[in-house]
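The structure appears right after this line, and notes come after that.
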Amino acid sequence: MIVIPIKEGENIERALKRFKRKFEKTGTVKELRGRKHFVKPSIRRREEVKKAIYIEQLHREED
């Protein structure tokens with residue numbers, strides 16, 4: 001459970017923004033979307049490797 005202490009005189013929009021940021025960092029929505037459909041472990045690994053290759057290429061282009 002996410003608890004956001006509201007400070008004295010704090011704007012509710014600012015507190016809501018802090019809550020949304022904290023909630024996004026937990027990764028709950030991402031996990032729920034990932035659980036919608038079963039993905040075979042081999043396919044998941046293949047996607048991770050593709051992502052790693054892509055990121056590596058980005059880093060090489062920077063140099």
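Considering only protein heavy atoms and a probe of 1.4 Å, how much of the accessible area of region 1-58 is carbon and sulfur, as a whole percent?
Details: 3470 of 5980 Å².
Result for region 1-58: 58 percent of the exposed heavy-atom area is carbon or sulfur.
Roughly how many nanometres apart are two label points built 7 Å out from the Cα toward the Cβ at residue 11 and residue 58?
The answer from the label model is 3.1 nm.
Across the chain, how many lysine pairs, 8 or more positions apart or on different chains, have C-alpha atoms separated by under 23 Å? Please give the number.
Taking the chain as the scope, the lysine pair count is 19.
List, in order, the whole-Hz ³J(HN,Hα) value for each residue of region 38-53 obtained from phi through the Karplus relation with A = 6.51, B = -1.76, C = 1.60 and θ = phi - 60°; use x for Gly and Pro.
Karplus values, whole Hz, x for Gly and Pro: 6, 10, 4, x, 5, 6, 4, 5, 4, 5, 5, 5, 4, 5, 5, 5.
Enumerate the calculated ³J(HN,Hα) couplings along region 55-60 in order (Karplus 6.51 cos²θ - 1.76 cosθ + 1.60, θ = phi - 60°), each rounded to whole Hz, writing x wherever the residue is Gly or Pro.
My calculation for region 55-60 gives 5, 4, 5, 4, 5, 5 Hz in order.
Scan region 1-55 for chymotrypsin sites (Phe, Trp or Tyr not before Pro) in coil per DSSP, keeping those whose Cβ has at most 11 other Cβ atoms within 10 Å, and list them by number. Write down the numbers at each step before the final one.
On the way: sites: 19, 23, 38, 54; in loops: 38.
Qualifying residues, ordered by number: 38.
Calculated from DSSP H runs of 4 or more alone, at -39500 (n - 2.57) each and per residue, what is the 222 nm mean residue ellipticity of the chain, nearest 500?
Numbers: 3 runs with 44 residues, N = 63.
After summing the helix terms and dividing by the residues of the chain, the value is -23000 deg cm²/dmol.
Give the accessible surface of the chain per residue, rounded to a whole number of Å², with probe radius 1.4 Å and ligands, DNA and RNA excluded. Walk me through the numbers on the way to the answer.
Numbers: 6690 Å² over 63 residues.
Each residue of the chain exposes 106 Å² on average to a 1.4 Å probe.
Please report the Cα spread of region 6-63 along all three principal axes, rounded to whole Å, starting with the longest.
Ordered largest first, region 6-63 gives principal extents of 50, 38, 11 Å.
Mind checking the angle between helix 12-26 and the chain's longest principal axis? C-alpha axes, 0 to 90 degrees, to the nearest 10.
In the chain, helix 12-26 runs at an angle near 30 degrees to the longest axis.
The values are calculated or read from the model by the stated rules, or taken from the named source; none is laboratory data. The model shown is predicted, which means the values in this text are computed figures rather than measured ones. Backbone-built Cβ (ideal geometry, glycine too); neighbour counts: all protein chains shown. Just so you know, the surface numbers come from the protein's heavy atoms only, side chains and all, with ligands and any DNA or RNA stripped out. Shrake-Rupley method; radii C 1.70, N 1.55, O 1.52, S 1.80 Å.
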